[in-house]
Amino acid sequence: MSRGSERRVSGRLTSTRGFGLSQWGRAFVDVIEGVHSGDADRRRITQARRYFRDHHAERLAISDAEVTAAVRGSQLDPFEVTLTMRPVDVPTIIALLRTRDATGDLMALARGEQPAAVGELLLPTESADIAANCTCPDESPRCIHVLCVAYEVAAEIDRSAVTLLTVMGTDLATLLSSATEVSQSRDDGPSSREHASAPVVDFYGTNAVLPPLPSPPRLNPLMDLDPDALRKALRASGVAPADVGETLDLLDELYERLRA
């Protein structure tokens, strides 16, 4: 694991770059390095880590299921690197989260956490999940330039958990929206209607009349919270400024379901 540390340069301490400091960042690195498959090339890994520490990667761009960057190597012009991930299937992820009763972990992700249940479904698990291409002459599928870019991606995941969603071809708004749609479809299904129309049974034969259920006032947490603080918290969790409004709308829908 590459962790941030300090080293002495010209009589002063400087910070050494690190990656894989979080659970998700480390898991991403392990897959592309081939740690679990036994394909790890220690020589290339060592050199790629030095490239990462010395900022050889430039123009890093992370988009849906694709990462591009240029890496300065042994030639005058930098080598172009592209990582293409196998996109995750959002409906499958939501279905599995519901099976595990872990859809609430999406809100933990919105807070900047890295829930284990979500990570297990999002993270790549084998080298085939990540296709790599580099313009360098090295024919290895995991050359030092590809590894260097992967370390940059891991460092971004360390900084913001939602980066992994983009890397794997989705985003938090899509996951939350899908989870809400599934909840609504289940609530509107035949079983819910049958349950609503079920007759009242006097199990104890007392003919007792139960008091009416209390009617607490309907509250809207989004209105009760400080809107500026809430927007700041969402941005700190990795939600892009342009997506804050949409995320607030999705949160409002979830709270409405809870109040129904």
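Convex hull volume of the Cα atoms of region 33-95, normalised per residue: 122 Å³. From the square roots a ≥ b ≥ c of the eigenvalues of the alpha-carbon gyration tensor of region 44-164, which class results: rounded (a/c under 1.5), prolate (a/b over b/c), or oblate? Prolate is the answer for region 44-164, as a/c is 1.5 or above and a/b outweighs b/c.
Would you work out what percent of the accessible area of region 57-121, with all protein chains in place, is carbon or sulfur (probe 1.4 Å)? The computed percentage sits at 48.
If R0 is taken as 51 Å, the Cβ-Cβ distance between ASP39 and ASP226 corresponds to a FRET efficiency of 0.50. Computed over region 108-151, the Cα gyration tensor eigenvalues convert (square root of 5λ each) into semi-axes of 30, 12, 6 Å, ordered from largest to smallest. Largest to smallest in accessible area, the residues LEU96, LEU175 fall in the order LEU96, LEU175 (1.4 Å probe, all protein chains included).
The values are calculated or read from the model by the stated rules, or taken from the named source; none is laboratory data. All of these numbers come straight from a predicted model, not from anything done at the bench. All Cβ positions, glycine included, derive from the backbone under ideal geometry; neighbour counts span all protein chains shown. We work out accessible area using only protein heavy atoms, side chains counted, and drop any ligands, DNA or RNA first. Shrake-Rupley method; radii C 1.70, N 1.55, O 1.52, S 1.80 Å.
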